[in-house]
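Data first, discussion second: the structure below is written as C-alpha coordinates.
The values are calculated or read from the model by the stated rules, or taken from the named source; none is laboratory data. Note that the structure is a prediction, hence the values are computed from the model and not measured. In this analysis, Cβ positions are derived from the backbone assuming ideal geometry, glycine residues included, and neighbour counts consider all displayed protein chains. Note: areas computed on protein heavy atoms with side chains; ligands, DNA, RNA excluded. Shrake-Rupley method; radii C 1.70, N 1.55, O 1.52, S 1.80 Å.
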Amino acid sequence: MTPSIPQKLIDAGISISHTFEPGDLGRLVEIHGIQNFHDYGFSPFHEAYCAQIACDFILNPDPGRSKAWLAKKDGVVVGSVFICEVPDDVAQLRLLFADRSVRGSRLGRWLTEDSVRYCREAGFKKVFLWTVDGLERAIAIYRSLGFELTDEKTQVVWGRESRELRFDLVFTQ
(Lines give C-alpha, C1' and ligand atoms only; values in the text may rest on other atoms or scores of the structure.)
Protein backbone atom coordinates (compact mmCIF):
# COMPACT_ATOMS: atom_id res chain seq x y z
CA MET A 1 0.00 0.00 0.00
CA THR A 2 1.24 3.48 -0.86
CA PRO A 3 1.60 5.46 2.40
CA SER A 4 0.36 8.72 0.85
CA ILE A 5 -3.02 7.36 -0.25
CA PRO A 6 -5.77 9.74 0.96
CA GLN A 7 -8.15 8.62 3.68
CA LYS A 8 -11.11 9.15 1.32
CA LEU A 9 -9.76 6.45 -1.01
CA ILE A 10 -8.97 4.12 1.89
CA ASP A 11 -12.51 4.63 3.23
CA ALA A 12 -13.84 3.76 -0.26
CA GLY A 13 -11.97 0.44 -0.03
CA ILE A 14 -9.35 1.37 -2.63
CA SER A 15 -5.78 0.13 -2.31
CA ILE A 16 -2.77 0.72 -4.53
CA SER A 17 -0.42 -1.93 -5.86
CA HIS A 18 2.71 -1.42 -7.92
CA THR A 19 2.94 -5.00 -9.15
CA PHE A 20 0.68 -7.10 -11.34
CA GLU A 21 -1.03 -10.21 -10.02
CA PRO A 22 -2.78 -12.83 -12.18
CA GLY A 23 -5.93 -11.32 -13.68
CA ASP A 24 -4.84 -7.69 -13.25
CA LEU A 25 -3.75 -7.27 -16.86
CA GLY A 26 -6.99 -8.68 -18.24
CA ARG A 27 -9.13 -6.53 -15.98
CA LEU A 28 -7.09 -3.40 -16.76
CA VAL A 29 -7.54 -3.91 -20.49
CA GLU A 30 -11.21 -4.80 -20.10
CA ILE A 31 -12.18 -1.67 -18.17
CA HIS A 32 -10.24 0.56 -20.56
CA GLY A 33 -11.88 -1.04 -23.58
CA ILE A 34 -15.47 -1.18 -22.38
CA GLN A 35 -15.67 2.17 -20.62
CA ASN A 36 -13.83 4.11 -23.32
CA PHE A 37 -16.16 2.57 -25.91
CA HIS A 38 -19.22 3.69 -23.93
CA ASP A 39 -17.85 7.13 -22.99
CA TYR A 40 -16.00 8.10 -26.18
CA GLY A 41 -16.88 5.61 -28.92
CA PHE A 42 -13.36 4.15 -29.09
CA SER A 43 -13.10 0.94 -31.13
CA PRO A 44 -11.53 -2.39 -30.13
CA PHE A 45 -8.26 -1.01 -31.55
CA HIS A 46 -8.07 1.23 -28.47
CA GLU A 47 -8.41 -1.80 -26.21
CA ALA A 48 -5.58 -3.53 -28.10
CA TYR A 49 -3.48 -0.36 -27.84
CA CYS A 50 -3.96 -0.35 -24.04
CA ALA A 51 -3.10 -4.05 -23.90
CA GLN A 52 0.10 -3.46 -25.86
CA ILE A 53 1.21 -0.67 -23.49
CA ALA A 54 0.55 -2.82 -20.43
CA CYS A 55 2.19 -5.91 -21.96
CA ASP A 56 5.27 -3.95 -22.99
CA PHE A 57 5.47 -2.61 -19.44
CA ILE A 58 5.17 -6.04 -17.81
CA LEU A 59 7.56 -7.74 -20.23
CA ASN A 60 10.24 -5.02 -20.09
CA PRO A 61 13.40 -6.80 -18.86
CA ASP A 62 14.96 -3.49 -17.73
CA PRO A 63 12.22 -1.25 -16.36
CA GLY A 64 14.60 1.29 -14.85
CA ARG A 65 12.48 3.97 -13.17
CA SER A 66 9.23 2.89 -14.83
CA LYS A 67 6.43 2.29 -12.34
CA ALA A 68 2.75 1.32 -12.37
CA TRP A 69 -0.03 2.23 -9.98
CA LEU A 70 -2.91 -0.26 -9.97
CA ALA A 71 -5.90 0.89 -7.93
CA LYS A 72 -7.94 -2.00 -6.62
CA LYS A 73 -11.25 -2.33 -4.86
CA ASP A 74 -12.11 -5.72 -3.38
CA GLY A 75 -8.96 -7.04 -5.08
CA VAL A 76 -10.14 -6.00 -8.57
CA VAL A 77 -8.43 -3.33 -10.70
CA VAL A 78 -10.53 -0.14 -10.89
CA GLY A 79 -7.89 2.33 -12.02
CA SER A 80 -4.33 2.82 -13.19
CA VAL A 81 -1.52 5.08 -14.22
CA PHE A 82 1.88 4.14 -15.61
CA ILE A 83 5.12 6.09 -15.69
CA CYS A 84 7.35 4.80 -18.47
CA GLU A 85 10.97 5.88 -18.57
CA VAL A 86 12.14 7.07 -21.98
CA PRO A 87 15.61 8.37 -22.94
CA ASP A 88 17.15 11.63 -21.70
CA ASP A 89 15.67 11.61 -18.17
CA VAL A 90 12.14 11.91 -19.53
CA ALA A 91 9.05 10.03 -18.35
CA GLN A 92 5.81 9.33 -20.18
CA LEU A 93 2.55 9.15 -18.26
CA ARG A 94 0.30 6.44 -19.72
CA LEU A 95 -2.93 4.56 -19.09
CA LEU A 96 -4.45 6.97 -16.58
CA PHE A 97 -7.88 5.58 -15.83
CA ALA A 98 -10.54 5.44 -13.14
CA ASP A 99 -13.42 3.04 -13.59
CA ARG A 100 -16.95 4.42 -13.62
CA SER A 101 -17.58 2.55 -10.34
CA VAL A 102 -15.13 4.84 -8.49
CA ARG A 103 -15.84 8.15 -10.22
CA GLY A 104 -16.19 10.98 -7.74
CA SER A 105 -13.60 9.49 -5.39
CA ARG A 106 -10.86 11.69 -6.92
CA LEU A 107 -8.89 8.54 -7.72
CA GLY A 108 -7.81 9.84 -11.14
CA ARG A 109 -6.51 13.08 -9.62
CA TRP A 110 -4.63 11.23 -6.89
CA LEU A 111 -3.07 8.77 -9.34
CA THR A 112 -1.87 11.66 -11.49
CA GLU A 113 -0.57 13.67 -8.53
CA ASP A 114 1.26 10.69 -7.04
CA SER A 115 2.82 9.68 -10.36
CA VAL A 116 4.01 13.27 -10.96
CA ARG A 117 5.40 13.40 -7.42
CA TYR A 118 7.24 10.16 -8.16
CA CYS A 119 8.70 11.62 -11.39
CA ARG A 120 10.07 14.59 -9.46
CA GLU A 121 11.54 12.39 -6.72
CA ALA A 122 13.02 9.95 -9.27
CA GLY A 123 14.92 12.80 -10.93
CA PHE A 124 13.19 13.02 -14.29
CA LYS A 125 13.66 16.34 -16.14
CA LYS A 126 10.11 16.24 -17.44
CA VAL A 127 7.05 14.09 -17.88
CA PHE A 128 4.79 14.13 -20.94
CA LEU A 129 1.64 12.43 -22.11
CA TRP A 130 -0.54 12.09 -25.16
CA THR A 131 -4.31 12.22 -24.84
CA VAL A 132 -7.21 13.01 -27.15
CA ASP A 133 -9.45 16.03 -27.26
CA GLY A 134 -12.69 15.32 -25.41
CA LEU A 135 -11.22 13.66 -22.33
CA GLU A 136 -11.98 16.80 -20.36
CA ARG A 137 -11.77 15.34 -16.83
CA ALA A 138 -8.22 14.10 -17.44
CA ILE A 139 -7.15 17.25 -19.30
CA ALA A 140 -8.39 19.41 -16.40
CA ILE A 141 -6.26 17.36 -13.98
CA TYR A 142 -3.18 17.68 -16.19
CA ARG A 143 -3.57 21.44 -16.57
CA SER A 144 -4.14 21.94 -12.82
CA LEU A 145 -0.79 20.24 -12.16
CA GLY A 146 1.07 22.52 -14.55
CA PHE A 147 1.12 20.44 -17.73
CA GLU A 148 1.19 22.60 -20.85
CA LEU A 149 -0.09 21.76 -24.30
CA THR A 150 2.99 21.39 -26.55
CA ASP A 151 1.76 19.60 -29.67
CA GLU A 152 -1.37 18.40 -31.42
CA LYS A 153 -2.22 16.35 -34.45
CA THR A 154 -5.40 15.09 -36.06
CA GLN A 155 -5.66 11.53 -37.30
CA VAL A 156 -8.06 8.63 -37.55
CA VAL A 157 -7.42 6.48 -34.52
CA TRP A 158 -9.53 4.03 -32.49
CA GLY A 159 -12.37 4.09 -34.97
CA ARG A 160 -12.83 7.82 -35.33
CA GLU A 161 -11.04 11.02 -36.26
CA SER A 162 -9.37 12.39 -33.16
CA ARG A 163 -7.28 15.38 -32.24
CA GLU A 164 -4.37 14.04 -30.23
CA LEU A 165 -2.86 16.41 -27.67
CA ARG A 166 0.58 16.30 -26.11
CA PHE A 167 1.07 17.84 -22.67
CA ASP A 168 4.46 18.36 -21.01
CA LEU A 169 5.44 19.20 -17.44
CA VAL A 170 9.03 20.37 -17.08
CA PHE A 171 10.55 20.15 -13.61
CA THR A 172 12.72 23.02 -12.46
CA GLN A 173 15.83 21.85 -10.66
Subject >> Residue-normalised accessible area of the chain, expressed per residue, 1.4 Å probe, Å² >> reply: 51 Å²
Subject >> Unsatisfied cross-links (Cα-Cα over 28 Å) in the set K126/K153; K73/K126; K125/K153 >> reply: K73/K126
Original post:
Pick the calculated Rg/Rh (Cα atoms, Kirkwood Rh) for this structure from (i) 0.93; (ii) 0.98; (iii) 1.37?
Top reply: (i)
**OP:** State the percentage of accessible surface on the chain attributable to carbon and sulfur atoms; use a 1.4 Å probe and exclude ligands, DNA and RNA.
**Re:** 52 percent
**OP:** With a 10 Å radius around each residue's Cβ, average the other Cβ atoms per peptide and rank 165-172, 55-62, highest first.
**Re:** 165-172, 55-62
Subject >> Candidates per trypsin sites (Lys or Arg not before Pro) in segment 1-94, loop by DSSP, up to 15 other Cβ within 10 Å >> reply: R65
